[in-house]
Amino acid sequence: MRVHLVLAEVVAALALLAAVVLVSPSQLSKAYALITIVTSVLPGLMLTGDVKMLNAGVAERASRLRFKSVAAVAVNIPVATAGLMLQEHGHPLWLLIAFVVLGTLGGTAQAFSSVWYYTQTDRLKMLGSKVASAGVKFGFAALAIALSEFTFALVGLTVGAMLEFALNFTTLPWQSGDSRGTPRAAISPLGVAYGLSRVVSAAVRVGLEQLFGSLIASFLVIEQLVGGLNSIFEKYFVRSNRWQGMTRALKLAYLFSMACLAPIIARADFSPADRSSLALLLLIACAGLLPLSEMYVALQRRGQSFVAIGSAGICLIAAACLGIAWHFGALRWASLITYILLPGCTFIFYWLSGSNARHNTKH
């Protein structure tokens with residue numbers, strides 16, 4: 001079953017990759033990309049901590065996700081509306097409103113993308129929802145290629161996540177599995193850390209838009225494709241610690257290479273007409289692969305609060321550096337460096353904090 005689930009993910013990813021290579025991003029796709037950036041923050045704050053803990057097997061929180069998802073949509077509506085203020089004039093109002101609705105619902109749905117493997121007991125139904133979601137992404141990618149409009153590829157990611165969410169939502173239990181009745185905070189410590197990380201990441205992406213221009217839309221899809229590797233690990237292999245040593249060595253090699261290449265990348269001409277720019281975007285996006293597996297080890301061995309405090313501290317330092325860079329007019333260069341160093345430093349923190357600790361499943 002796991003092989004079939006991964007295969008569905010791969011088929012959708014290949015279709016989206018074809019759209020990235022064959023279709024140049026437009027100003028319309030840039031507008032939707034900016035809305036998806038701002039609508040990713042609050043679902044990260046409200047839901048991601050619970051999702052990560054559930055996936056790691058550290059705490060049973062599935063029932064709470066049902067109610068918090070509705071709350072996440074409600075509070076994300078004004079945020080998505082505020083995202084309209086970032087848009088340039090020239091796009092029809094009805095289309096921007098449609099983007100707000102898609103961004104609001106899609107931000108919440110995508111926060112759930114890794115949880116179904118651990119909550120859906122009917123494996124055939126889960127496979128069906130995954131195939132349907134992959135089919136939607138494949139179809140929208142094909143539409144983007146056929147009509148030479150990259151916006152369809154971005155919308156396909158959102159609609160695919162929404163469909164998978166809708167088909168699986170009823171599997172979330174109504175009652176908590178915690179028989180002790182321990183009161184839970186509305187937002188977990190890890191959720192606060194992730195929310196802060198999403199805020200910083202959104203600021204970084206806005207800065208990258210100044211560097212990439214309309215290629216920011218292509219970058220977001222490439223980022224999703226690279227994140228698909230993390231997603232496959234998180235969905236199906238997160239409770240296995242195989243290959244930790246080998247992957248850690250590769251991550252350290254990547255960090256060293258990017259430290260050497262960052263000055264060259266910062267001076268590159270990111271032009272939609274230059275297809276070699278996509279290779280640079282892919283290289284930059286690979287930074288997102290760094291922290292995830294080490295985070296789960298740290299969660300299992302150190303607990304949620306320790307991981308959350310360390311992650312939040314790193315994000316606050318990054319935010320301070322971005323603020324200084326913005327003050328001196330160097331935001332786009334600082335955004336590139338921060339995009340690479342933020343997950344790199346987080347990866348090193350998770351690695352060191354989890355390497356010599358005993359198992360601790362407290363949350």
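With respect to residue 267, is the statement that it is touching a residue at least 12 places away in the same chain (Cβ under 8 Å), over 18 Å from residue 343 (Cα atoms) and open to solvent by 60 Å² or more (accessible area, probe 1.4 Å) true? Spelling it out, it is not the case that residue 267 is touching a residue at least 12 places away in the same chain (Cβ under 8 Å), over 18 Å from residue 343 (Cα atoms) and open to solvent by 60 Å² or more (accessible area, probe 1.4 Å). Of all residues in the stretch 102-121, those that are surrounded by fewer than 21 Cβ atoms within 10 Å (Cβ to Cβ) have Cβ atoms under 7 Å from Cβ atoms of residues that are of a type in the set (Lys, Arg) and outside any loop (DSSP other than H, G, I, E, B), 6 or more apart or on another chain, in 117/235.
Just one of the numbered conditions (1) modelled with pLDDT under 90; (2) more than 19 Å from the chain's Cα centre (by Cα) is not true of residue 114: (2).
Here are some conditions: (1) in a helix (DSSP H, G or I); (2) without any contact (Cβ under 8 Å) to a residue 24 or more places away in the chain; (3) open to solvent by 70 Å² or more (accessible area, probe 1.4 Å). Residue 333 meets all but one. Which one does it not meet? Evaluating residue 333 over (1) in a helix (DSSP H, G or I); (2) without any contact (Cβ under 8 Å) to a residue 24 or more places away in the chain; (3) open to solvent by 70 Å² or more (accessible area, probe 1.4 Å) leaves (2) as the failure.
The values are calculated or read from the model by the stated rules, or taken from the named source; none is laboratory data. Since we're looking at a predicted model, the values are computed, not measured. So basically every Cβ, Gly included, is an ideal-geometry build from the backbone, and we count neighbours across all protein chains shown. Ligands, DNA and RNA are stripped out before the accessible areas are found, and what is left, the full protein with its side chains, is counted by its heavy atoms. Shrake-Rupley method; radii C 1.70, N 1.55, O 1.52, S 1.80 Å.
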